[in-house]
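Novice: Here you go, one structure.
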Amino acid sequence: MKDDNHNAATHRLDDPHDYFHYIEVPPISQDLVVGANDGSAYLFGEPDPRRFYHLAETSRLPTARLGSKIAIQKSVIRAFLWEQQNRSFANDNVEALIRLRLLLLKFLELFRPMEVQGSTAHDLDYVQLAYTALELSKIIRSLTDKPKR
């Protein structure tokens, strides 16, 4: 007997109307923060390893061990915090507006090669631009279709 919930979850990315998950994230080397000093500086704006270790031990903060060092991934921490905050959004528009902001930032990042002197349109990642543009239009359409409560 097939597990419909499992199939729905594994094929969610195959939805032709959901391109958000196809948009690339930074390489792991740019996404990884290793060590309590750097982790706390990323989270709190200043190095405070005791505070960082305390948070890692007393919360469900997603961390990993790399040898003797503690590590976090910026994208995972953002997703973790997003999920925590998502529960307190007043309505669906708040989430859509935040998602719109992130997509616009990604869109601008994708056009950054055009700012470099000597670069050509060939330097652009057209697949990522297309996915991002489709997601942007979907979010804008959802915000302008009808008011949400």
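The values are calculated or read from the model by the stated rules, or taken from the named source; none is laboratory data. Here the structure is a predicted model, which means the values were calculated and not measured. Counting neighbours? That spans all protein chains shown, and the Cβs are built from the backbone with ideal geometry, glycine included.
Novice: Can you give me the number of residues within region 51-86 that are within 13 Å of Leu32 (Cβ to Cβ) and among the hydroxyl-bearing types (Ser, Thr, Tyr)?
Specialist: Matching residues across region 51-86 total 2.
Let's see how each residue does on (1) modelled with pLDDT of 80 or more; (2) surrounded by 11 or more Cβ atoms within 10 Å (Cβ to Cβ); (3) touching a Gly at 6+ places or on another chain (Cβ under 7 Å); (4) over 30 Å from Ala56 (Cβ atoms):
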| site | (1), (2), (3), (4) |
| --- | --- |
| Gln84 | no, yes, no, no |
| Asn91 | no, no, no, yes |
| Val94 | no, yes, no, no |
| Ile98 | no, yes, no, no |
| Lys106 | yes, yes, no, no |
| Ser119 | no, yes, no, yes |
| Tyr131 | yes, yes, no, yes |
| Lys146 | no, no, no, yes |
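Novice: Of all residues in region 60-83, which are small (Gly, Ala, Ser) and over 18 Å from Ala41 (Cβ atoms)? Even if it seems obvious, please write down each step before you answer.
Specialist: Taking region 60-83 as the starting set, the residues that turn out to be small (Gly, Ala, Ser) are 64, 67-68, 71, 75, 79.
Within region 60-83, Gly67, Ser68, Ala79 meet the criteria.
Novice: Sticking with this one: Please indicate, with yes or no, whether at least one residue in region 45-63 is of a type outside the set (Ser, Thr, Tyr), touching a Gly at 6+ places or on another chain (Cβ under 6 Å) and within 25 Å of Lys106 (Cβ to Cβ). Reasoning before the result, please.
Specialist: If we filter region 45-63 for residues that are of a type outside the set (Ser, Thr, Tyr), which is where we start, we get 45-52, 54-57, 60-62.
Subset that is touching a Gly at 6+ places or on another chain (Cβ under 6 Å): 52.
Narrowing the set further to residues that are within 25 Å of Lys106 (Cβ to Cβ) leaves none.
Looking through region 45-63, none of the residues is of a type outside the set (Ser, Thr, Tyr), touching a Gly at 6+ places or on another chain (Cβ under 6 Å) and within 25 Å of Lys106 (Cβ to Cβ).
For (1) aromatic (Phe, Trp, Tyr); (2) at pLDDT 95 or above; (3) under 16 Å from the mean Cα position of the chain (by Cα); (4) under 30 Å from Val127 (Cβ atoms), each residue gets a yes or a no:
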residue: Ile28; (1), (2), (3), (4): no, no, yes, yes
residue: Asn37; (1), (2), (3), (4): no, yes, no, no
residue: Ala41; (1), (2), (3), (4): no, yes, no, no
residue: Ala64; (1), (2), (3), (4): no, no, no, yes
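Novice: Can you tell me which residues in region 55-68 are loosely packed, with under 12 Cβ neighbours inside 10 Å and of a type outside the set (Gly, Ala, Ser)?
Specialist: Going through region 55-68, the residues loosely packed, with under 12 Cβ neighbours inside 10 Å turn out to be 57-60, 65-68.
Of everything in region 55-68, those that are loosely packed, with under 12 Cβ neighbours inside 10 Å and of a type outside the set (Gly, Ala, Ser) turn out to be Glu57, Thr58, Arg60, Arg65, Leu66.
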